[in-house]
Amino acid sequence: MTERVLPLVVRIERAAPPQRTDALEAAATAVVCLLDSAESSEGQWPQEVAEWQDGRIRKVVRRARGAEWRRALALPGITVAVRTAEVRVHPPVPLDDWPRDLARLQVSGTELTDDATPPEPGPGDVVLWINPGLEMTAGKAMAQAGHGAQFAWWGAGEADRAAWRERGFAVRVRTAGPGRWDALAASGLPVVRDAGFTEIAPGSATVVADAPWLRVGVPEV
């Protein structure tokens, strides 16, 4: 079986870079949109997505601007916009055989920031909680948020997915306070653990996925 990786491209123009939280939320939503598309009646890229999900759900985030972004838009994929951010997710590609216009994009240069603290999520939101004890570039955190969103998708029933779809697969990505993180990580909610290819140590807990359908039997945290 071909080992595949999921490419995510974030648009970062020099004059108007996106807010960090917007980019993380756009990446997470884009992953779920791809999963939903693969399972739809039209079945976009079902074989590629199935092969990728049967292995490591590896994601790589690259940045683009100007002509690079336009070339990314010309390739098969789905674009998601969340406030200041645009992210394009492409169907999973072989680990050692990326399309040229994606392979030439840079992984570095995703040091994004937020101008203001994002508001607290609502009680019915899908929330991806980031580990406050880890330092990650926005690109790395986008991939981790994508993993968390995928866990939330896997744990959702058809009715949950339908309701989430009506909301455009919106997610909230927030950094948990230290006390909240400890409680979340021990709560029984899905925890993303990184393989350690870049930036952080193998096995690091990066994200906890939280959604109403994941909370069945989980204590309040």
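The values are calculated or read from the model by the stated rules, or taken from the named source; none is laboratory data. It should be emphasised that the depicted structure is a prediction, and the values quoted were computed from it without experimental measurement. Glycine gets a Cβ as well: all are built from the backbone with ideal geometry, and neighbour counts include every protein chain shown. Keep in mind that these areas ignore ligands, DNA and RNA; they rest on the heavy atoms of the full protein, side chains included. Shrake-Rupley method; radii C 1.70, N 1.55, O 1.52, S 1.80 Å.
Points to keep in mind about this one:
- Binned Cα-Cα distances of segment 64-127, short to long, each 5 Å bin given as a whole percent: 3, 11, 20, 21, 16, 11, 10, 6, 1
- Residue with peak Gaussian network fluctuation, the chain [Cα springs, cutoff 10 Å], from Arg63, Arg71, Arg193: Arg71
- Cα-only Debye scattering, segment 67-174: base-10 log of I(q)/I(0) at q = 0.14, 0.20 Å⁻¹: -0.73, -1.36
- Net +/- balance of residues flanking Thr110 in space, Cβ distance below 10 Å, scoring K and R +1, D and E -1: +3
- Projected onto its three principal axes, the C-alpha set of segment 1-110 covers 42, 27, 23 Å, listed from the longest axis down.
- Mean accessible surface per residue for the chain, computed with a 1.4 Å probe while every protein chain stays in place, in Å²: 46
- Neighbourhood net charge (12 Å Cβ-Cβ; Lys/Arg +1, Asp/Glu -1) for Pro99: +2
- Surface composition of the chain: carbon and sulfur make up 50 percent of the accessible area, probe 1.4 Å.
- The mean sequence separation of alpha-carbon pairs under 8 Å and at least six residues apart, normalised by the residue count of the chain, gives a relative contact order of 26 percent.
- Result for the chain in a Gaussian network model with C-alpha springs under 10 Å: among Asp194, Asp210, Asp54, the largest mean-square fluctuation is at Asp54.
- Distance from the Cα centroid of segment 142-186 to that of segment 1-48 is 15 Å (rounded to whole angstrom).
- Global size of segment 106-221 as Cα Rg and Dmax, reported in angstrom: 14.2, 43
- Mean-square fluctuations from a GNM of the chain, with a 10 angstrom spring cutoff on Cα atoms, peak among Pro119, Pro178, Pro132 at Pro119.
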